[in-house]
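S.K.: Below is the structure I would like to discuss, written out as structure tokens.
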Amino acid sequence: MHLTKNFVVFLFVSFFCNSTHAQDSTYIKDYSNKLLLRVYTITKFNSLSIENKAQDLELILLPNGNTNLGLGFNYKKIGLGIAFGLPPSDENQRKYGKTQRLDLQGSMYNRKIGADGFFQAYKGYYNSNPEDFVDWTSDFFPQIGNMKILSAGVIGFYLFNAHKYSYRAAFVRDEIQTKSAGSFLLGVFGNYDEATTDNGFVPSEFPDEVSKGFNIKAFSNVALGVSVGYAYNLVVKDKFVLGAAVIPGFGYQHVSTRNLENKVESNDQPAAQILNRLALGYEHRLFFINLTGSLNYRTIDLKPYDFNLSTGQLRFIIGKRFN
């Protein structure tokens, strides 16, 4: 797969479907029939930590982060946004290395049913905690330019209190929550994660003893399960809304690993993940401001290692609705 080297394209497509299920107008105002235009910045990441529990050591591997600028709209059943990443400076790449990425996300929200999906392909990572392994005094971080992570996933859910609680009021803003309310959620999830390197996840600057403690060069994982969670919108003085959703999931996963000697092992085990979403919105007479963040945290337990994968984003939005 060819990944763009100098800029990032982030595509967000969402279909906001109407429903015959009545909403309580004293709790929710529906503005989906108005044209919503937004300008936003977005920062996304796909990180990995590998913990050797026997030796109490942990490798933290991160991509070189960047901020994207975007434009988007919502109108009735459809919304579209596209953002382009600013080229990193030479100093930034010297310190954190080069990361090539393709990062896509889509969603569909009915009043009672919602779904979120993502596809991420990253190449180029750096180790953010070298001082835990060596006496590191350089002003740049150890880098693994050939390290790749491919992640894809989807989560669907059902809202039990959709007539008083609006998921879209916190995270889309084509509805407005006028009174505080929350809802339990029930859903399903599926994920695929794959991480590969040429010579292991330990940077070449580290001594051989560290590599022996992390004798692995690749792994892949398929997970399926059920999610149960809760979401709540807190409304303050009709101007501010604080929205939060916590959706843990449990199920089954199949894991395959390859060590430095190219020996492959497979394992079936319980799966666990948690999706956290947070939003802070301000409603002005002429415009609105929204700050949203999400984190999908997944874990794989394969003795003596724990693999912890995190997919997330932080978005700042300024928008306006038009008749």
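S.K.: May I ask you to verify whether R168 is surrounded by 14 or more Cβ atoms within 10 Å (Cβ to Cβ) and under 23 Å from the mean Cα position of the chain (by Cα)?
M.R.: Values: surrounded by 14 or more Cβ atoms within 10 Å (Cβ to Cβ): yes; under 23 Å from the mean Cα position of the chain (by Cα): yes.
Judged against the criteria, R168 is a match.
S.K.: Scan the range 177-225 residue by residue and report those that are among the small types (G, A, S) and within 23 Å of the chain's Cα centre (by Cα). Spell out the reasoning first.
M.R.: Taking the range 177-225 first, the residues among the small types (G, A, S) are 180-183, 187, 190, 195, 200, 204, 211, 213, 218, 220, 223, 225.
Hits for the range 177-225 are G182, S183, G187, G190, A195, A218, S220, A223, G225.
S.K.: Only one of (1) over 17 Å from S49 (Cβ atoms); (2) modelled with pLDDT under 95; (3) not in a helix (DSSP H, G or I) fails for A223. Which number is that?
M.R.: All conditions pass for A223, except number (2).
S.K.: Residues that are among the β-branched types (V, I, T) and at pLDDT below 95: does the range 279-289 have at least one?
M.R.: Within the range 279-289, the subset among the β-branched types (V, I, T) is 289.
Okay, now just the ones that are also at pLDDT below 95, so none.
So far as the range 279-289 goes, no, none of its residues is among the β-branched types (V, I, T) and at pLDDT below 95.
S.K.: Need the failing condition index for E205 against (1) touching a residue at least 24 places away in the same chain (Cβ under 8 Å); (2) touching a strand residue (DSSP E or B) at 6+ places or on another chain (Cβ under 7 Å); (3) acidic (D, E), just the number.
M.R.: E205 satisfies all of (1) touching a residue at least 24 places away in the same chain (Cβ under 8 Å); (2) touching a strand residue (DSSP E or B) at 6+ places or on another chain (Cβ under 7 Å); (3) acidic (D, E) except (2).
S.K.: Identify all residues within the range 21-70 that are closer than 28 Å to N146 by Cβ and touching a Lys or Arg at 6+ places or on another chain (Cβ under 9 Å); write none if there are none. Walk me through it before giving the result.
M.R.: To start, the set of residues in the range 21-70 that are closer than 28 Å to N146 by Cβ comprises 42-68.
I42, T43, K44, N46, K53, A54, P63, N64, G65, N66, N68, listed by residue number.
S.K.: Name every residue in the range 124-148 that is of a type outside the set (S, T, N, Q) and part of a loop (DSSP other than H, G, I, E, B), in order of residue number.
M.R.: F133, V134, D135, W136, D139, F140, F141, P142
S.K.: Pick out the one residue from T67, T99, T137 that is touching a strand residue (DSSP E or B) at 6+ places or on another chain (Cβ under 6 Å), farther than 30 Å from F160 by Cα, of a type outside the set (G, A, S) and surrounded by fewer than 16 Cβ atoms within 10 Å (Cβ to Cβ). Give the derivation first.
M.R.: Values: T99 fails: surrounded by fewer than 16 Cβ atoms within 10 Å (Cβ to Cβ); T137 fails: touching a strand residue (DSSP E or B) at 6+ places or on another chain (Cβ under 6 Å).
That would be T67, the only listed residue that is touching a strand residue (DSSP E or B) at 6+ places or on another chain (Cβ under 6 Å), farther than 30 Å from F160 by Cα, of a type outside the set (G, A, S) and surrounded by fewer than 16 Cβ atoms within 10 Å (Cβ to Cβ).
S.K.: Something else now. What is the number of the single condition among (1) buried (at least 21 other Cβ atoms within 10 Å of the Cβ); (2) within 29 Å of K76 (Cα to Cα) that K237 does not meet?
M.R.: Checking K237 against (1) buried (at least 21 other Cβ atoms within 10 Å of the Cβ); (2) within 29 Å of K76 (Cα to Cα), the one that fails is (1).
S.K.: Also, quick follow-up: Given (1) among the polar types (S, T, N, Q); (2) over 17 Å from A170 (Cβ atoms); (3) buried (at least 17 other Cβ atoms within 10 Å of the Cβ), identify the lone condition not met by Q269.
M.R.: Checking Q269 against (1) among the polar types (S, T, N, Q); (2) over 17 Å from A170 (Cβ atoms); (3) buried (at least 17 other Cβ atoms within 10 Å of the Cβ), the one that fails is (3).
S.K.: Considering each residue of the range 145-165, count those that are among the β-branched types (V, I, T) and surrounded by fewer than 21 Cβ atoms within 10 Å (Cβ to Cβ), and give that number.
M.R.: First, pick out the residues of the range 145-165 that are among the β-branched types (V, I, T): 149, 154-155.
With surrounded by fewer than 21 Cβ atoms within 10 Å (Cβ to Cβ) added as a condition, the list becomes 154.
Qualifying residue count for the region: 1.
S.K.: Of the residues A169, A121, A152, which is among the aliphatic types (A, V, I, L, M) and outside any strand (DSSP E or B)?
M.R.: A169
S.K.: Taking the range 132-168 on its own, how many of its residues are without any contact (Cβ under 8 Å) to a residue 60 or more places away in the chain, within 15 Å of V202 (Cβ to Cβ) and not aromatic (F, W, Y)?
M.R.: 2
S.K.: Here is a list: K212, K179. Which entry is surrounded by fewer than 19 Cβ atoms within 10 Å (Cβ to Cβ) and closer than 30 Å to K239 by Cβ? Give the steps one after another, and end with the answer.
M.R.: Numbers: K212 fails: closer than 30 Å to K239 by Cβ.
Exactly one of K212, K179 is surrounded by fewer than 19 Cβ atoms within 10 Å (Cβ to Cβ) and closer than 30 Å to K239 by Cβ, namely K179.
S.K.: Continuing with the same structure: Cβ-Cβ below 7 Å, separation at least six or inter-chain, first residue in the range 22-44 and over 21 Å from G312 (Cβ atoms) and modelled with pLDDT of 90 or more, second aliphatic (A, V, I, L, M) and buried (at least 17 other Cβ atoms within 10 Å of the Cβ): which pairs?
M.R.: The qualifying pairs are Y27/A181; I28/A169; K29/I176; Y31/I176.
S.K.: Against the definition (touching a residue at least 12 places away in the same chain (Cβ under 8 Å), under 20 Å from the mean Cα position of the chain (by Cα), within 30 Å of S180 (Cα to Cα) and in a strand (DSSP E or B)), how does A115 come out, yes or no? Break it down into steps so the answer makes sense when it comes.
M.R.: Working: touching a residue at least 12 places away in the same chain (Cβ under 8 Å): yes; under 20 Å from the mean Cα position of the chain (by Cα): yes; within 30 Å of S180 (Cα to Cα): yes; in a strand (DSSP E or B): yes.
So A115 passes the test.
The values are calculated or read from the model by the stated rules, or taken from the named source; none is laboratory data. Here the structure is a predicted model, which is why all the values come from computation and not from measurement. As a convention, Cβ positions derive from the backbone with ideal geometry for all residues, glycine included, and neighbour counts pool all protein chains shown.
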